[in-house]
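Here the structure is laid out as structure tokens; the discussion comes afterwards.
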Amino acid sequence: RVAAFVAQITSEAVAREHLRRLDVDLTRFPLGELAPATINAAYAALARAARAIEDAATTTGDDVARQRREAEITAATNAFYTAVPHVVSRRGQLALRLASVDMVRDKTALVDSLRDVLARVELVKQDQAPRGAEEDEATRVARAYAALRCDITVVPDASAERAQVEAYLRRGLPHAVLRAAFRLRRLPPDDETTTSAPPSSSEKAETTSQKSTRLLLSHGSPLANWVGILRQGLRIAPPEAPRSGYLFDKGLYFADVATKAAAYCRAESHSDAALLLADVDVGAKPLVVDVDALPDAADVCRRDGCDSVAVRGRTAP
């Protein structure tokens, strides 16, 4: 089962299909040429568009100012699609314009995904078989597994742990079929040490006085992203990414019902998807808000010294 999972997430066909569904033009955007510079350029263009949109929302200005903002959005749009070429849909090029917060968020999610797809590209380049050597599928998968730097073991079908996972999924996905459950443990790179200094007395006191809340939460992501997640962990967006590209600013996102997390898998009906169940430390002081309070929740969290943001949904939990 582990080999089948690794084969699936490292498959070029899975990555290509994911980007095709996001309207990326793969004839002008070869996966093998994906590089950090491309991702940085895309983030920069999105941040530029986000600033222009925010400026339009906070100031009225005259016709000259409005024309200047429209020109800035046009320039940002051109820069983004130069970095990440798209297929023009029937709605035409106007539908691709980065003129709304929703559009910026949609394309920011795409570039976030490209960061993880890049990890697969780098894995293939760094861990490919020696030149001239023939390699069957089993050997390729074994090499890919080693390069993930992640210990993956199967949770036995008849175990209590497997039953708990299935019960968790049934809370939001009653018709989902759990094909396999794995335990994951990321391994440190060969050049990193696993030892750390013992906590100081002040750190121990702080830990004792402020007890953190730990929750079992889920994180969903397309299959094409899992090489990056397993190899590099869940990562916060870089400085180049626009703040407005995320509901609560940059951070790590989890859900307490599988339905919400599954939506981010972008899986079609009756197709495979992968969810991560994690023991998440949400801190001693989470900020709890209603879903309608999204725009300024992150700023309030920082202002009040909170450790995380928890949103109450309209229908669940």
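The values are calculated or read from the model by the stated rules, or taken from the named source; none is laboratory data. Fair warning: this is a prediction, and the values are worked out from it, not measured in the lab. In this analysis, Cβ positions are derived from the backbone assuming ideal geometry, glycine residues included, and neighbour counts consider all displayed protein chains. Surface accessibility is based on the protein's heavy atoms, side chains included, excluding ligands, DNA and RNA. Shrake-Rupley method; radii C 1.70, N 1.55, O 1.52, S 1.80 Å.
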Considering residues of segment 241-262 that are basic (Lys, Arg) and open to solvent by 60 Å² or more (accessible area, probe 1.4 Å) only, the residue farthest from Arg105 (Cα to Cα):
Lys260
Counting only residues that are within 22 Å of the chain's Cα centre (by Cα) and not aromatic (Phe, Trp, Tyr), which one in segment 181-190 is nearest to Glu268 (Cα to Cα)?
Ala181
Kindly provide the set of residues from segment 36-85 that are surrounded by 12 or more Cβ atoms within 10 Å (Cβ to Cβ) and not in a helix (DSSP H, G or I), ordered by number.
Gly61, Val84, Pro85
When you check Arg1 against the structure, is it under 23 Å from Ile236 (Cα atoms), of a type in the set (Lys, Arg) and either touching a Pro at 6+ places or on another chain (Cβ under 7 Å) or open to solvent by 20 Å² or more (accessible area, probe 1.4 Å) (or both), yes or no?
no
Candidates Ala129, Ala119, Ala158, Ala147, filtered to the one that is of a type in the set (Gly, Ala, Ser), open to solvent by less than 70 Å² (accessible area, probe 1.4 Å) and either modelled with pLDDT under 80 or not in a helix (DSSP H, G or I) (or both)
Ala129
Determine whether Asp307 is more than 27 Å from Arg170 (Cα to Cα) and either at pLDDT below 90 or within 17 Å of the chain's Cα centre (by Cα) (or both).
yes
When you scan segment 217-317 for helices (runs of 4 or more DSSP H) that lie fully inside it, which ones turn up with 3 or more residues that are of a type in the set (A, V, I, L, M) and more than 30 Å from Val6 (Cα to Cα)?
297-303
